[in-house]
Amino acid sequence: MDPSNAIEIRNISKSFKITVAAGDKKTVTGKVKTKRVVNTVLDDISLDIKKGEVLGILGRNGSGKSTFLSILARIMEPDSGTIKRTGKLAAVLELGMGFHPDMSGRDNIYTKGELYGFSKKEMDSKIETIIDYSGIRKYIDNPVRTYSSGMSGRLAFSIMVNVESDIILVDEVLSVGDAAFSSKARQHFIEMAESGKTVLIVSHNIKFMEDVCTRAIWIENGKIALDGPADEVCIEYQNKINESPEIVYDLAQSGVADAQYKLAQFYRDGNHFEKDPDKYRYWIESAAVKKNVRAQVVWGDMLLSEGKEKEALEFYHSAAERGDVEARTKVAVLSSSKGADAKLVSDIFKGSYARDDPVDEHRYAQLLLNTAWSDSDRGRAFVQFAKAADDGNLQSMYQVALMCRDGIGTSRDYHMMEGWLERAANIGHMGAITLLADIYAQGRLLPKDVHRSFDLSLRAAELGNRDFMYRVAVAYRDGNGTDKDTEKAAKWFSSYELAGMYDQLIVAERFADPSDKDLRAELLEKTLCSMNPESICEYLELTDSAEKRDQLIGLLRRIATAGNTAAILRLSEIYADGKLVERNEEESKGWLSYGSKIGSARCRDRLGMLQ
Amino acid sequence: MFASFKTELREMYESRNVLRALIRKDLFGRYKNSAIGFAWHFIIPIVMMVVYYVVFQTVRANAIPDFWVFLASGLFPFNFMMTNLNRGPGMIVTNGPMVKKMYFPRAILIISEVLSSFIIMLIGYSIILVAIALSGYPLTWAVLFLPVILVLMLVFVLGYSLILSAITVYMRDIQYLVNSLSMVFYFLTPMYFSLSDVSGIFGTIILINPFTYYVESFHQMIYHGVLPDAMLVGMCALIPVLFLVAGIIVFRRLKRGFAERL
């Protein structure tokens, strides 16, 4: 025997004779005729279990895992094959067993210890540890019959884990005790394994197995179906259990909502079963009535498509109450039923919303935020915004920065806020530029930095923000964040004034004599500091000078690059029709795709029309 | 075959703690819930003895002189044998949960039950012997031979308990069959009458009954004050050997299926 092995199992098989009904015939006495058949429970199993391993044994009811454990514990003998073990073995296949109800907990510890094969003297040295571990010292001298089932379970478990065995077999006993005790037990198993003992666990609690076991085997039809690291085997097993059509069907028939939903999916996809829309519908309805959240949403959708809005809303409501985001969105939209995002919602309904499209991502995020009921919903919205921002959506970048600043859906993170604001400001998002400028100027959220604040203000002013024109002018005048420059100060003061008169200038231009080109050009020239794409374009059409035209196109490109959608659309038009500049379709499409990348729905739609 | 029997014996020795625990549970657990507890093991035989003394000293319904001594000398060992005859078939079956959930040499269950009832019997028997001595009844040195017969009887009881307990797992009817048979043994054993008073076919049947030899030996040693004759001692020694060997063979053969049959 390999010295590193605790147990060596070679070719063990075990079968039982069982009695089954033989047809419907009845004997004279009225009993159903029966016949004996051989049921092979374990079929030629070989396995090495190493010292220090915590081995989990998985399998469905009747798969043979309890028989396997019984054979390891020597309670049953295999029909053939051999088992070698090293060291002392303690089997706990049932906790409460071996307690005498009339004897005290303390006496029972001794008795039970002796049942495990320890002398009274050995138990004397352990009794205090056991009592402490069980956590029922107060009651230890009362008769066991006065204990609750949880208490006797804990006592039994404490004895089992504290007697010194080299191999411990545990069968489905972790349901005893409360959560605290259970995690204590979990810890204990891990420590035992570390000290070189071997633990074998049978449990249906897959989560527990995944946490505790180092290795797992999965027994199916009397054979080891899978053997490997516990997490891998547990996941495989879980998948199998979830996907196995027979299991799902059985569970669905017995009214388990989750299984009904799964079965409905099988019928929908023609998975394991033949496609059957009626059965799909039937099981979805059953699952929805049984309050499976996903099924409620799907069933609501089905009702909605049949025009039964009221019934649908009821199911959405029920799902929304239990936290389904989609249901909440739908409830919100159906309840208001007029939102601008109705189309997007219907797209989401149909599942056609493009997950990688920054525009839709942003709008979806917006919708999530608007319909958020709880912090976790806001968190979800934040994640969605961050995704859109990562994909280049300007609005999302700004939104993410704001959420970081205010701690909505995430924790307050000024550093992250700064990063996103900078990114948005670099592209040219006016909100981001001005906010960041303010923040640097105030020095409250981030360290004060007048130079950066000035640079940003200048950027905002150049992009036509009137308030910042004034600020820049004042900064030049006072030398705040930049060198004193009275000339530039004067220029920005006049821009500020002109920008304030933008509306009047435009009106004046409209009313001017259309043939008086010089007057019109002069008026339009004065509007340029406001960086309004409309007036720039008007000026473009008016002017004859190629030089002026280049300058105006340059301005347009600047604000388009900064993310001004109107400018982008205008530029794309200008390049597409080729009247003012040389026709260049590539350039035109380029601007549209830039626009859709930073999140303009109109650019995206127009680009879609072109393609 | 013998090698594996040897390991089984060693294992049994290693499981002596289990045996101790089971016996203690049986002896001390029995009256645990009562006020005086273990004392009941003494009180019950005393009460029995008083009843026999009063009834048979005053009523004198039997021709045998000092009938209460005659009766008491055989009654306690006989009750011990009958108790185990009645309980024997159920020793594995009633411990089903334990057999199915724990490993230990199965025979320990039988040994512990037989031993604990033996201890209880010894307590009562000693009390009655002291009482007989105190009453002035002439006891002789033959009494010193008692332990030999008691131990042989213990082995005999162990033998048939092994057989009955193992078979009952497979055929539950055994339990009820034996229970009804044990009634018959009350009349086929010379408990209330002297063996010398019986003759004919009834006498032959009584001599086939193995319990007869033990009860008769106790009568000889206590009531008659003589050592049992060679024939009695021979039978008392032969019977346990036969039953123990048969018991071990049957039990070892059948124990494989205990857990799955229960």
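All of (1) without any contact (Cβ under 8 Å) to a residue 60 or more places away in the chain; (2) surrounded by 14 or more Cβ atoms within 10 Å (Cβ to Cβ) hold for B:Ile36 with one exception: (2).
Just checking: which of the helices (runs of 4 or more DSSP H) contained wholly in segment B:73-158 hold 2 or more residues that are in contact (Cβ under 8 Å) with a residue 12 or more places away in the chain and among the β-branched types (Val, Ile, Thr)?
Here the list reads B:90-93, B:107-134.
Here the condition is being crowded, with 18+ Cβ neighbours inside 10 Å, in a helix (DSSP H, G or I) and at pLDDT 85 or above; of A:Ile9, A:Ile71, A:Ile57, A:Ile45, it holds for A:Ile71 alone. Kindly check whether there is at least one residue in segment A:265-277 that is more than 26 Å from A:Ala225 (Cα to Cα) and hydrophobic (A, V, I, L, M, F, W, C). No, every residue in segment A:265-277 fails to be more than 26 Å from A:Ala225 (Cα to Cα) and hydrophobic (A, V, I, L, M, F, W, C).
Search segment A:134-152 for residues being surrounded by 15 or more Cβ atoms within 10 Å (Cβ to Cβ) and touching a residue at least 40 places away in the same chain (Cβ under 8 Å), and hand back the single one that is nearest to the other protein chains (Cβ to nearest Cβ). Filtering first and then ranking leaves A:Pro143.
Restricting the first residue to segment B:8-33 and requiring it to be over 16 Å from A:Tyr116 (Cα atoms), which pairs with a second residue that is assigned to a helix (DSSP H, G or I) and hydroxyl-bearing (Ser, Thr, Tyr) meet a Cβ separation below 6 Å and a spacing of at least six or different chains? Within 6 Å, the pairs are B:Asp26/B:Ser116; B:Leu27/B:Ser116. Summed over segment B:78-127, the residues that are of a type in the set (Lys, Arg), out of contact with any strand residue (DSSP E or B) (no Cβ under 9 Å at 6 or more places or on another chain) and within 11 Å of another protein chain (Cβ to nearest Cβ) give a count of 2. The number of residues in segment B:17-72 being within 14 Å of chain A (Cβ to nearest Cβ), among the small types (Gly, Ala, Ser) and outside any helix (DSSP H, G or I) comes to 2.
Tell me, yes or no, whether segment A:212-224 has at least one residue that is within 30 Å of A:Val41 (Cβ to Cβ), modelled with pLDDT of 80 or more, more than 14 Å from chain B (Cβ to nearest Cβ) and in a helix (DSSP H, G or I).
Yes, that holds for at least one residue.
Somewhere in segment A:254-267, is a residue within 22 Å of A:Leu69 (Cα to Cα), surrounded by 14 or more Cβ atoms within 10 Å (Cβ to Cβ) and under 26 Å from the mean Cα position of the chain (by Cα)? No: zero hits. Out of the residues in segment A:460-481 that are surrounded by fewer than 16 Cβ atoms within 10 Å (Cβ to Cβ) and in a helix (DSSP H, G or I), which is nearest to the chain's Cα centre (by Cα)? Looking at the filtered set, the residue picked out is A:Asp467. Pairing each residue of segment A:438-451 that is closer than 20 Å to A:Asp483 by Cα with any residue that is surrounded by fewer than 12 Cβ atoms within 10 Å (Cβ to Cβ) and not polar (S, T, N, Q), provided the two are 6+ apart or on different chains, yields C-beta distances under 9 Å for A:Tyr440/A:Pro447; A:Tyr440/A:His451.
The criterion of at least 2 residues that are surrounded by fewer than 16 Cβ atoms within 10 Å (Cβ to Cβ) is met, among helices (runs of 4 or more DSSP H) falling completely within segment A:268-326, by A:277-289, A:309-321.
Looking across A:Lys491, A:Lys484, one residue alone is among the basic types (Lys, Arg), out of contact with any strand residue (DSSP E or B) (no Cβ under 7 Å at 6 or more places or on another chain), in a loop (DSSP other than H, G, I, E, B) and surrounded by fewer than 19 Cβ atoms within 10 Å (Cβ to Cβ). It is A:Lys484. Taking segment A:128-156 as the range and being within 19 Å of A:Asp102 (Cα to Cα), among the hydrophobic types (A, V, I, L, M, F, W, C) and in a helix (DSSP H, G or I) as the test, the residues that pass are A:Ile131, A:Val144, A:Met151, A:Leu155, A:Ala156. When you check B:Pro147 against the structure, is it more than 14 Å from chain A (Cβ to nearest Cβ), farther than 30 Å from B:Arg256 by Cα and at pLDDT 90 or above, yes or no? Judged against the criteria, B:Pro147 is a match. The set of residues from segment A:234-248 being of a type in the set (Ser, Thr, Tyr) and either on the phi > 0 side of the Ramachandran plot or buried (at least 17 other Cβ atoms within 10 Å of the Cβ) (or both) comprises just one member, A:Tyr237. Screening B:Leu109, B:Leu152 for residues that are out of contact with any Asp or Glu (no Cβ under 7 Å at 6 or more places or on another chain) and either buried (at least 22 other Cβ atoms within 10 Å of the Cβ) or among the basic types (Lys, Arg) (or both) leaves exactly one candidate, B:Leu109. Picking from residues in segment A:92-104 that are crowded, with 21+ Cβ neighbours inside 10 Å and either more than 13 Å from chain B (Cβ to nearest Cβ) or under 46 Å from the mean Cα position of the chain (by Cα) (or both), the one that is modelled with the lowest pLDDT is A:Leu95.
Residues A:Leu115, A:Leu89: which one is under 47 Å from the mean Cα position of the chain (by Cα), modelled with pLDDT under 80, within 14 Å of chain B (Cβ to nearest Cβ) and on the phi < 0 side of the Ramachandran plot?
On the way: A:Leu115 fails: under 47 Å from the mean Cα position of the chain (by Cα).
Going through A:Leu115, A:Leu89 in turn, just one is under 47 Å from the mean Cα position of the chain (by Cα), modelled with pLDDT under 80, within 14 Å of chain B (Cβ to nearest Cβ) and on the phi < 0 side of the Ramachandran plot: A:Leu89.
Here is a yes/no grid of residues against (1) within 14 Å of another protein chain (Cβ to nearest Cβ); (2) under 19 Å from B:Leu146 (Cα atoms); (3) surrounded by 15 or more Cβ atoms within 10 Å (Cβ to Cβ); (4) free of Cβ contacts under 8 Å to residues at least 40 places away in the same chain:
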residue	(1), (2), (3), (4)
B:Gln175	no, no, yes, no
B:Val184	no, no, no, yes
B:Ile201	no, no, no, yes
B:Ala230	no, yes, no, yes
B:Gly234	no, yes, no, yes
B:Ile248	no, no, yes, no
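Restricting segment A:494-547 to residues that are among the hydroxyl-bearing types (Ser, Thr, Tyr) and more than 50 Å from the chain's Cα centre (by Cα), the residue that is surrounded by the most Cβ atoms within 10 Å (Cβ to Cβ) is A:Thr527. Please specify each residue of segment A:562-611 satisfying the condition of being touching a Pro at 6+ places or on another chain (Cβ under 9 Å) and in a loop (DSSP other than H, G, I, E, B). Correct list: A:Asn564, A:Ile598, A:Gly599.
The values are calculated or read from the model by the stated rules, or taken from the named source; none is laboratory data. The shown structure was predicted, so the numbers you read here are calculated from the model rather than taken from an experiment. Every residue, glycine among them, receives a Cβ derived from its backbone with ideal geometry; neighbour counts consider all protein chains shown.
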